[in-house]
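**Student:** Submitted below is the structure of interest, expressed as structure tokens.
Derivation of every value follows stated rules applied to the coordinates shown; laboratory data play no part. The model shown is predicted, which means the values in this text are computed figures rather than measured ones. Backbone-built Cβ (ideal geometry, glycine too); neighbour counts: all protein chains shown.
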Amino acid sequence: MVRELLSGLKFQSSYADYSDVTSADEYEQREIQLNRFRKLIGELMRGHTARNSFAPWEIELLMDFDACELPSRRRLDIIRQYQRAVERQMQTGVGPPMKLSHFLVLREQRRTGTT
């Protein structure tokens, strides 16, 4: 768990040749993660999964999704909004995808104008 926390940190370098460019490996990893996320969301929207192998971050998202109680009439709409928010997040290079519960808190804060 500590390794996962540290892997998301970006340390500033004082070297003149420091570059803030995403390497090809990081870009490829982010694309793989985004594709897996899209597949997971598709499965959630259909109401069943067609696989039995999940990455650790996918299991965390599934457990979080299960803990969130979405109103049935707005469920698909909220999931689509969540998917778009995660896609925007992943475009900036930050991963793994945010949890649905975090998205719902941010959404509520935006709606009420609190931070």
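**Student:** Counting every Cα pair in the stretch 23-112, what percent are over 17 Å apart?
**Tutor:** 49 percent
**Student:** At 0.36 nm per residue, and after removing the present C-alpha to C-alpha distance, how many nm does the segment from Arg74 to Arg51 gain when stretched out fully? Before the final figure, lay out each step's value.
**Tutor:** Working: separation 23, 0.36 × 23 = 8.28 nm, distance 2.60 nm.
Additional length available on full extension: 5.7 nm.
**Student:** Answer with one residue from Ala55, Phe37, Phe103: the one whose Cα lies farthest towards the positive end of the charge dipole of the stretch 23-112, charges on Cβ with Lys, Arg +1 and Asp, Glu -1.
**Tutor:** The residue sitting most towards the positive pole is Phe103.
**Student:** Let me ask something else about it. As a footprinting exposure proxy, order Lys39, Lys99 by other Cβ within 10 Å, with the fewest listed first.
**Tutor:** Details: Lys39 14, Lys99 19.
Ranked by crowding around the Cβ, least crowded first: Lys39, Lys99.
**Student:** Ok, one more. Only Cα pairs under 8 Å and at least 6 apart count here; give the relative contact order of the stretch 15-113 as a rounded whole percent.
**Tutor:** Values: 41 pairs, mean separation 31.6, N = 99.
Computed over the stretch 15-113, the figure is 32 percent.
**Student:** Where does each of Arg84, Arg38 land when they are ranked from fewest to most other beta-carbon atoms within 10 angstrom?
**Tutor:** If I rank by nearby Cβ atoms, fewest first, I get Arg84, Arg38.
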